[in-house]
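Here the structure comes first, spelled out in structure tokens, and everything after it is commentary.
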Amino acid sequence: MEILYDYAWLIPVLPLFGAMLVGIGLLSFNDATNKLRQVNAIVILTLMGAAATLSFALLWSQIQGHETYLRTFEWAAAGDFHLYMGYTVDHLTTLMLAVVTSVAMLVMIYTDGYMSHDKGYVRFYAYLSLFSASMLGLVLSPNLVQIYVFWELVGMCSYLLIGFWYDRKGAADACQKAFVTNRVGDFGLLLGMLGLYWATGTFEFALMGERLETLISSGALSAGLATTFAILVFMGPMAKSAQFPLHVWLPDAMEGPTPISALIHAATMVAAGVFLVARMFPVFEQLPAVMNFIAWVGAITAFIGATIALTQNDIKKGLAYSTMSQLGYMVLAMGVGAYTAGLFHLMTHAYFKAMLFLGSGSVIHGMEEVVGHDAVLAQDMRLMGNLRKYMPATSLTFLVGTLAISGIPPFAGFWSKDEILGATFQANPVLWLIGYATAGMTAFYMFRMYFMTFEGDFRGTDTTIKGQLKAEAAGVFAFGPGAMQKQELAATADHGGHDDHHHASEPHESPITMTLPLMLLAIPAALIGLIGTPFANKFEAFIFPPNEVIEAAHEVDLMEFLVNGGSSVGIGLIGITLASLMYRTKTIDPAAIAKRFEPLYWFSRNKWYLDDINNLLFVQGSRRLARQVLEVDSKVVDGVVNLTGFVTLVTGEGLKYFENGRAQFYALIVFGAVLGLVVVFGVT
């Protein structure tokens with residue numbers, strides 16, 4: 001098995017080679033490369049398959065008890081400074097490798113059907129492969145500097161993929177918003193890691209934690225300064241994992257093609273922040289203030305994401321805010337010290353949320369045949385309904401994902417979410433209450449989404465609703481709770497990669513290349529949670545906090561489990577029941593509720609006005625500041641420069657008459673200057 005570890009570096013290199021190969025082909029032989037569409041896809045899929053095979057082999061080896069493997073080489077040295085690069089293979093690494101490669105493989109298969117008619121098909125595969133390589137390199141990194149390098153590469157790939165349809169203003173704006181927001185977090189991460197290096201003299205995670213503990217206990221470093229450094233580092237995960245208040249880029253990122261939403265913004269890139277918190281756990285766990293800060297940020301993020309998702313009508317936007325909320329759960333778990341529970345939810349969420357996003361893409365693909373090229377209409381759930389009849393495979397897998405995220409046993413989400421809530425209750429009942437309320441809202445908005453999309457009557461051919469939506473696009477509030485704003489309707493189009501639409505009276509099921517990944521993802525979404533049940537928690541035995549000894553499995557308190565699990569399921573069932581009464585049986589009118597609580601409704605609909613606040617403070621504020629700086633530059637700075645030039649010109653013009661080449665004249669000037677000095681000093 002040792003040879004597996006010697007060649008573990010191939011895992012990120014293989015997809016990187018695929019991206020490089022296809023990229024060179026696009027740059028050098030563009031027409032020929034684009035004609036060989038599926039050949040390029042097969043090459044990239046094959047290389048990713050090889051990386052996935054090696055990843056699962058390493059995972060099996062670690063499960064069998066192989067010790068942690070570390071291989072490094074000296075990359076830079078200056079005096080006492082030595083920087084090492086390389087790779088490490090441990091339990092956390094192999095778990096993330098397996099998740100990333102398996103989801104990436106299925107997304108790449110799905111992409112063949114979803115992007116089949118898109119002119120950028122080959123370019124899209126090159127971007128996917130480059131992103132996968134960057135994420136895998138991040139996972140294998142043995143120190144904070146190398147993680148930062150791949151962290152930025154992942155951000156660059158996110159920029160390229162969100163703005164894949166760069167000719168659309170919505171996509172161009174979204175990728176810029178994601179780039180700028182993540183730069184804010186990454187700047188904090190850079191400052192924090194430099195501060196920790198200044199304090200500890202190392203970028204190695206475990207060693208950094210040990211030295212920091214020694215410095216704080218001896219008084220050589222104040223706990224306040226260490227807390228500041230740690231919170232700065234946490235700003236990186238706050239942006240990358242869409243935590244409040246740096247979450248605003250994630251919903252806009254739905255401008256990218258749907259496979260991107262599944263791969264980057266549900267399963268991998270946004271999970272990189274949680275992964276970094278796990279890697280930095282030896283540092284964070286020694287600073288109670290930092291752990292408390294992380295927990296509250298996660299809880300607030302989970303709650304805000306859920307409240308906004310309640311009023312979404314765009315199927316992808318609803319899933320985007322759901323992703324934000326679930327990432328908040330993971331960060332909350334890390335903050336209360338539930339290391340295993342946070343990573344467990346990261347794994348289960350990666351599978352069922354990737355399936356839900358791919359399912360939404362399948363729905364959009366089917367709806368476009370009915371509503372035509374207007375993809376805004378294709379994503380609006382008010383035009384859907386009864387798709388279970390036309391898209392049975394998509395509807396069944398979407399239902400599995402909905403049950404999983406709603407925390408219904410025995411689906412995967414129940415076990416991981418229940419473990420987080422149990423650990424949170426022991427740490428802080430107030431945080432538990434926030435998480436508990438969020439769980440109820442999650443079940444409600446997810447089943448609202450399912451019922452509006454797959455149950456009831458099909459509304460895609462209703463010309464009245466289409467007219468109302470077009471009126472909204474023109475700025476007229478037309479109907480119903482959750483009416484989209486003009487700017488949202490103008491910006492949420494997802495072409496889905498199709499350029500040759502024709503209208504049909506009914507939607508259709510997606511091709512096998514799209515439904516097969518959905519069915520394969522449904523298996524872990526339903527069953528993978530069983531490896532982390534409290535009765536035989538194999539996941540906890542495999543993934544445990546660093547610097548901790550594995551303890552023998554303790555006996556489960558059945559009554560405690562039934563109370564915690566029962567309350568978790570209970571709040572979920574309440575949410576499901578309300579969603580059923582409003583959107584399936586129509587016993588309760590949601591429009592009447594929205595009218596009764598109109599301020600709260602619009603508060604949710606306008607996303608807590610956070611985008612408006614950011615626009616007022618940062619966008620408009622920076623423009624006002626820029627105008628003031630321009631005034632200072634033009635009137636003060638330019639004035640000083642121009643005055644200097646004018647003085648030089650005038651004095652030069654005047655002094656040139658004193659340069660006549662006559663020695664007597666120069667002697668007279670010297671005599672006059674000396675006489676003047678004598679008079680001045682004589683008087684004083």
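The values are calculated or read from the model by the stated rules, or taken from the named source; none is laboratory data. Everything quoted here is computed from the prediction, not taken from an experiment. Here the Cβ is made from the backbone with ideal geometry for all residues, glycine too, and neighbour counts use every protein chain on show. Only protein heavy atoms, including side chains, enter the accessible area calculation; ligands, DNA and RNA are left aside. Shrake-Rupley method; radii C 1.70, N 1.55, O 1.52, S 1.80 Å.
Go through (1) open to solvent by 10 Å² or more (accessible area, probe 1.4 Å); (2) part of a helix (DSSP H, G or I) one by one and return the number of the condition SER132 breaks.
Against the list (1) open to solvent by 10 Å² or more (accessible area, probe 1.4 Å); (2) part of a helix (DSSP H, G or I), SER132 comes up short only on (1).
Suppose we keep only residues that are surrounded by fewer than 21 Cβ atoms within 10 Å (Cβ to Cβ) and acidic (Asp, Glu) within the stretch 407-457. Which one would you say is nearest to GLY328 (Cα to Cα)?
GLU455
Taking the condition without any contact (Cβ under 8 Å) to a residue 24 or more places away in the chain, surrounded by 10 or more Cβ atoms within 10 Å (Cβ to Cβ) and either out of contact with any Pro (no Cβ under 6 Å at 6 or more places or on another chain) or among the charged types (D, E, K, R) (or both), does ALA541 pass?
When the stated conditions are applied, ALA541 passes them.
Looking only at the stretch 645-665, count every residue that is assigned to a helix (DSSP H, G or I) and open to solvent by 80 Å² or more (accessible area, probe 1.4 Å) and tell me the total.
Of the residues in that region, 9 qualify.
I'm told GLU560 meets every condition in (1) over 27 Å from ILE300 (Cβ atoms); (2) at pLDDT 85 or above; (3) open to solvent by 70 Å² or more (accessible area, probe 1.4 Å); (4) part of a helix (DSSP H, G or I) except one. Can you identify the failing condition by its number?
GLU560 satisfies all of (1) over 27 Å from ILE300 (Cβ atoms); (2) at pLDDT 85 or above; (3) open to solvent by 70 Å² or more (accessible area, probe 1.4 Å); (4) part of a helix (DSSP H, G or I) except (2).
Considering only residues that are closer than 22 Å to TYR197 by Cβ, out of contact with any helix residue (DSSP H, G or I) (no Cβ under 9 Å at 6 or more places or on another chain) and not hydroxyl-bearing (Ser, Thr, Tyr), which ones fall in the stretch 62-107?
LEU70, PHE73, GLU74, ALA76, ALA77, ALA78, GLY79, ASP80, PHE81, HIS82, listed by residue number.
Pairs please, first residue from the stretch 116-140 and modelled with pLDDT under 90, second anywhere and outside any helix (DSSP H, G or I) and aromatic (Phe, Trp, Tyr), Cβ atoms under 7 Å, 6+ apart in sequence or on different chains.
Here the result reads GLY120/PHE164, each pair linking the stretch 116-140 to a residue that is outside any helix (DSSP H, G or I) and aromatic (Phe, Trp, Tyr).
Residues of the stretch 78-125 being more than 14 Å from GLY137 (Cα to Cα) and either among the basic types (Lys, Arg) or in contact with a Lys or Arg (Cβ under 8 Å, 6 or more places away or on another chain) (or both), which ones?
Hits for the stretch 78-125 are LYS119, TYR121, VAL122, ARG123.
Quick one: which residue in PHE597, PHE618 is under 30 Å from THR181 (Cβ atoms) and either surrounded by fewer than 10 Cβ atoms within 10 Å (Cβ to Cβ) or among the aromatic types (Phe, Trp, Tyr) (or both)?
Sole residue among the options that is under 30 Å from THR181 (Cβ atoms) and either surrounded by fewer than 10 Cβ atoms within 10 Å (Cβ to Cβ) or among the aromatic types (Phe, Trp, Tyr) (or both): PHE618.
Among the residues of the stretch 398-413, write down those that are in a helix (DSSP H, G or I) and small (Gly, Ala, Ser).
Residues of the stretch 398-413 in a helix (DSSP H, G or I): 398-405, 412-413.
Result: GLY401, ALA404, ALA412, GLY413.
Identify all residues within the stretch 135-150 that are open to solvent by 10 Å² or more (accessible area, probe 1.4 Å) and under 19 Å from the mean Cα position of the chain (by Cα); write none if there are none.
TYR148, VAL149, PHE150
Filter the stretch 285-304 down to residues that are open to solvent by less than 10 Å² (accessible area, probe 1.4 Å) and in contact (Cβ under 8 Å) with a residue 60 or more places away in the chain, then give me how many there are. Before you say what the answer is, go through the steps one by one.
Of all residues in the stretch 285-304, those open to solvent by less than 10 Å² (accessible area, probe 1.4 Å) come to 287, 290, 294-295, 298-299, 301-302, 304.
Applying the additional criterion that residues be in contact (Cβ under 8 Å) with a residue 60 or more places away in the chain yields 287, 290, 294-295, 299, 302, 304.
The total comes to 7.
Filter the stretch 40-89 down to the residues that are part of a loop (DSSP other than H, G, I, E, B) and surrounded by fewer than 17 Cβ atoms within 10 Å (Cβ to Cβ) and list them by number.
Initial filter on the stretch 40-89 (part of a loop (DSSP other than H, G, I, E, B)): 64-68, 79-80.
Listed by number, the residues that qualify are GLN64, GLY65, GLU67, THR68, GLY79, ASP80.
In the stretch 427-459, how many residues are touching a residue at least 40 places away in the same chain (Cβ under 8 Å) and under 26 Å from VAL297 (Cα atoms)?
Residues that pass the stated criteria total 16.
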